[in-house]
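We did not get these values from a lab; they are worked out from the coordinates using the rules stated. This structure is a prediction, so every number in the text was calculated from the model and none was measured. We place every Cβ from the backbone using ideal geometry, glycine too, and count neighbours over all the protein chains shown.
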Amino acid sequence: MSRRTYRDVDGLRVEGIWRPVFIRNGGHYLLSDLVVYADGAIDTGSGLTDLDGLQAELRNGRVATSLDEGGLASAHHVGTWRFAEPRGWLDADMLVGEVADEIDRLNDRPDSTGRCLMAVETYLGDPTEANRLAVRDRYLAIPEHLRVYALGDMDRKDQPLKALIDGDERAVEYFRKRGRGIAEWTARVPADGPEQAERATLTLSRHYYPNGWPADPGIQVLQNDYAAVITVDGHTYPTVTHAYWALSTSDEETHNRIAVAPRVHDAAELAKEAPRRDNWPVARLAVMAALMRAKYVQHPALGETLLATGDARIIYSDHDSAYWVRGGTNWIGRLLEVIRSELAAEQAGFY
C-alpha cells in the first residue's frame with residue numbers, strides 16, 4: 001500500500017510516496033510512514049536521509065522488517081496490541097529494492113523490472129551471449145519477491161523470462177509474440193479518438209510586462225491578465241482578471257473602481273478588502289468560466305491561438321490561489337481546455 005505526497009523545496013514541489021513501516025524502539029513497534037521522494041530523500045521519522053541511511057537504519061533495527069513474538073505494537077491515535085505468530089513479508093534487501101524502484105518511478109525512469117525488460121529487447125535485437133547475461137543480471141537485480149510477475153503474465157508468471165536467461169531459444173518466440181501484442185495494443189485508437197493528449201503539456205506561467213504587453217506576446221495571450229477588453233452584462237472590463245474581481249464584490253462602488261483600475265495588481269488589491277457576494281466560493285467557478293468564454297468569443301484571434309494548442313493539457317501556473325492553478329485544482333487550465341473544445345465544436349458545426 002502506498003500513497004502520493006510531496007514536499008516543498010525552495011518553492012519547488014518534489015513528488016513523493018509513502019508506505020507503512022514498523023519503527024522499532026526497544027521492544028516496542030510503532031506503525032509509521034516511510035516517505036520516499038523523487039530527489040532520493042527518504043523520511044523514516046527521524047529526519048531526511050537517503051538509501052544508504054535507510055540501509056543503516058535497517059541494519060541497526062530501527063526500521064524493522066522482522067517482528068518479535070509478543071512484541072508490543074501501536075498505531076498513533078488508533079490502538080496498541082501484541083504480536084502473535086508475526087510474519088514479515090519483506091527482508092531489508094527487499095525493502096531497499098522497493099524504495100529504489102519507487103525513486104525511479106517518481107522520476108519517470110524505468111525501475112528494476114523496466115530495465116530488465118529493456119535488456120530483453122536488446123537481446124532480441126542482438127541475441128549474443130553477452131546480452132543474454134545482461135538480461136540475467138537485470139533480472140537478478142529485481143527485488144527477489146518481485147521476480148514473479150515481471151512480465152505481467154498471470155498464467156505463465158516469469159517462466160519465459162527464466163527460460164530465456166537459461167538459454168532456451170524457444171522462449172524467443174514468446175517474447176516476439178508478446179512484443180507484437182504490446183505494439184498492437186499501444187497503437188490502437190478508440191473509435192471516438194485517442195485516450196491521451198497527442199500534444200505535449202502546455203504550462204502557462206504569469207509574465208509581467210511593466211512597460212505594457214509586447215506587440216506579439218505569443219501564447220501569453222491565454223493569461224487571464226492579458227489586456228483583452230471584454231463586455232459582460234453591459235459592463236466593460238480591461239481583462240478577465242479585472243472582471244472576475246469586480247464581479248466578486250457586492251459593493252457597486254468598489255465594483256466600478258475595480259473595473260477601471262489601471263493594472264491587474266490594482267484590481268486585485270482593491271478587491272481584497274471588499275465585501276464578497278453571497279455564496280461566492282461556490283459561484284466563482286461558473287463566473288470565471290463565463291468571463292473566460294467571453295474573452296475568446298469576443299476576440300476571435302485569441303480563440304484561434306487557443307485552438308492552436310490542439311489537445312494539449314494546459315497547466316496554469318503562478319496565481320495567488322492554488323484553487324486556480326497547478327499544485328491545486330488547476331481550474332483555469334481546465335477551463336481553457338473546455339473553452340477550446342467548445343470553439344472546436346463550433347467550428348465543426350455543432351453550434
Choice from Trp81, Trp324, Trp245 with maximal GNM fluctuation in the chain (Cα, 10 Å cutoff): Trp81
Footprinting exposure proxy for Glu85, Glu173 (fewest neighbouring C-beta atoms within 10 Å first): Glu85, Glu173
Mean Cα-pair separation over length for the stretch 3-106, i.e. relative contact order, pairs under 8 Å, 6 or more apart, %: 23
Cβ-based exposure ranking for Lys272, Lys295, Lys157, in which fewest neighbours within 10 Å come first: Lys272, Lys157, Lys295
Amide N of the stretch 241-255 lying under 19 Å from the label point, which is placed 7 angstrom from the Cα of Glu273 along Cα→Cβ: 245-255
Cα gyration tensor shape of the chain, rounded if a/c is under 1.5, else prolate or oblate by comparing a/b with b/c: oblate
Rounded to whole Hz, the Karplus (6.51, -1.76, 1.60) HN-Hα couplings of the stretch 337-346, x for glycine and proline: 5, 5, 5, 4, 5, 5, 5, 5, 5, 5
Under Karplus coefficients 6.51, -1.76 and 1.60, residue-wise ³J(HN,Hα) of the stretch 59-75 in Hz, glycine/proline x: 5, 7, x, 5, 8, 9, 10, 10, 10, 7, 3, x, x, 7, 10, 8, 10
Residues in the stretch 128-153 that a label on Ala163 would reach, taking backbone N under 11 Å of a point 7 Å out along Cα→Cβ: none
Normalised contact order of the chain, rounded percent, pairs of Cα under 8 Å and 6 or more residues apart: 9
DSSP beta bridges in the chain [antiparallel fraction, %, rounded to 5]: 80
Order of Arg176, Arg276 - criterion: other Cβ atoms within 10 Å of each residue's Cβ, fewest first: Arg176, Arg276
In order through the stretch 80-97: 3J(HN,Hα) via Karplus (6.51 cos²θ - 1.76 cosθ + 1.60), integer Hz, x for Gly, Pro: 10, 6, 10, 6, 10, 6, x, 9, x, 7, 10, 9, 4, 5, 5, 5, 4, x
Near-label residues of the stretch 277-315 by backbone N, under 19 Å of a point 7 Å along Cα→Cβ of Tyr323: 277-293
Contour minus Cα-Cα distance for Leu285 and His28 (0.36 nm per residue): 87.5 nm
